1. For the chain, what percent of Cα pairs sit more than 34 Å apart?
2. Output wanted: per-residue J couplings in Hz (rounded whole) for the stretch 242-249, from phi through Karplus 6.51 cos²θ - 1.76 cosθ + 1.60, θ = phi - 60°, x for Gly and Pro.
3. Arranged from highest to lowest average of other beta-carbon atoms within 10 Å per residue, in what order do the peptides 240-250, 33-43, 90-100 appear?
4. Between LEU206 and GLU70, what length in nm is gained on full extension when 0.36 nm per residue of separation is reduced by their alpha carbon distance?
5. Checking the table LYS45/LYS192; LYS45/LYS242; LYS30/LYS176; LYS45/LYS156; LYS45/LYS130; LYS130/LYS156 against a 31 Å threshold on Cα-Cα, which pairs fail?
6. For the stretch 14-39, list residues with backbone N below 16 Å from a point placed 7 Å from the Cα of LEU7 toward its Cβ?
7. For a quick check: with amide H placed at 1.01 Å from N, whose amide H comes under 5 Å from ILE105's, ignoring anything fewer than 5 positions away on the same chain?
8. Among 161-171, 142-152, 196-206, how do they line up by average Cβ neighbours within 10 Å per residue, starting with the highest?
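Each reported figure results from applying straightforward, stated rules to the coordinates on display, with no laboratory input. Note that the coordinates shown come from a computational prediction; the quantities given were computed from them, not determined experimentally. Every residue, glycine among them, receives a Cβ derived from its backbone with ideal geometry; neighbour counts consider all protein chains shown.
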Amino acid sequence: MAYQNLLSEVKENILYVTINREKALNALNKDTLAELADVIAFAAKTDEVRGVILTGAGEKAFVAGADIKEFSDYSGQQGQELAKHGHDLVFNAIENSPKPFIAAINGFALGGGLELAMACHMRIASDNAKLGLPEVTLGLIPGYGGTQRLTQLVGKGKAIEMITTASMITAVDAEKIGLVNYVVPQMDLISKAQEILNVIKQRAPLAVAAAIKSVVASLNETDGYVVEIEEFGKCFETEDFKEGVSAFVEKRRATFIGK
Ligand code: CO8
């Protein structure tokens with residue numbers, strides 16, 4: 001499969017997917033999301049694929065979020081549509097995949113990047129990784145399932161603290177609160193993910209798929225996702241959103257006015 005923004009290959013029944021926009025810290029633009037949707041669908045329907053390892057190119061970032069430059073002038077309606085589209089084709093598609101997905105978090109996992117990792121069934125972080133949901137610094141909230149999945153993984157108190165402070169946490173702290181399964185040196189990241197998938201490969205594929213489906217079914221609060229998409233769209237109508245994005249692009253601190 002030849003993609004512009006992804007590297008992908010199947011080796012020994014494992015599909016390796018690398019988001020390959022290193023200069024933009026692997027930020028998720030529309031084209032990357034479309035390619036991810038394609039490769040996720042491929043994984044689901046291809047018997048040869050028994051598990052997926054998803055990572056980012058380079059040693060600095062897994063994914064530094066949705067591509068801020070792309071959505072800077074979106075309306076509320078466009079924001080909602082983008083979020084809904086992403087939920088359906090990428091984030092929920094990963095979570096509902098019959099094949100286990102492991103996020104190998106090789107650096108920053110921020111905003112949509114952490115949301116992507118949280119949609120995966122397991123997360124392994126390298127010891128230099130930093131994780132966070134910085135959307136409120138842009139006048140937004142997480143729009144790719146982050147308010148729901150972070151709460152499921154770490155509980156309400158920690159989730160609200162992380163989302164409202166927008167603070168990044170270290171990989172070690174992420175492991176302490178259950179946000180990642182393991183922390184390993186960067187050079188061991190992929191081999192740790194392989195080790196887990198090599199065990200799963202020996203198990204019954206239909207039972208593995210049924211187990212994933214059942215665990216995911218126990219967690220999903222559909223209404224929460226609907227609320228998140230609506231609230232996310234409303235953020236685009238605020239002056240603070242324009243200010244947050246301008247400040248990011250101009251590399252300065254944002255001044256918010258609460259409108
Ligand atoms: N989008 C676009 N470009 C980005 C992004 C991003 N999320 N992150 C980094 N980049 C670009 C930078 O603009 C820079 O490009 P250039 O060289 O052209 O100026 C390049 O990547 C390198 O980044 P920095 O120079 O900033 O690198 P630093 O080492 O100084 O800082 C950080 C690294 C701390 C990761 C910093 O880049 C940063 O704060 N990035 C933004 C993180 C962020 O706010 N992420 C959340 C985005 S919003 C989001 O994900 C919403 C999800 C829901 C969306 C739903 C539908 C729209």
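1. Working: 3861 of 33411 pairs.
Result: 12 percent of Cα pairs exceed 34 Å.
2. 4, 5, x, 6, 4, 4, 4, 5
3. Working: 240-250: 16.8, 33-43: 19.3, 90-100: 21.3.
Packing proxy ranking, top to bottom: 90-100, 33-43, 240-250.
4. Details: separation 136, 0.36 × 136 = 48.96 nm, distance 3.96 nm.
Here the segment from LEU206 to GLU70 would lengthen by 45.0 nm.
5. Working: LYS45/LYS192 25 Å; LYS45/LYS242 41 Å; LYS30/LYS176 33 Å; LYS45/LYS156 35 Å; LYS45/LYS130 33 Å; LYS130/LYS156 20 Å.
Over 31 Å apart, Cα to Cα: LYS45/LYS242; LYS30/LYS176; LYS45/LYS156; LYS45/LYS130.
6. 15-27
7. Result for ILE105 returns ILE124, ALA125, SER126.
8. Working: 161-171: 16.8, 142-152: 24.5, 196-206: 13.6.
Descending mean neighbour count gives 142-152, 161-171, 196-206.
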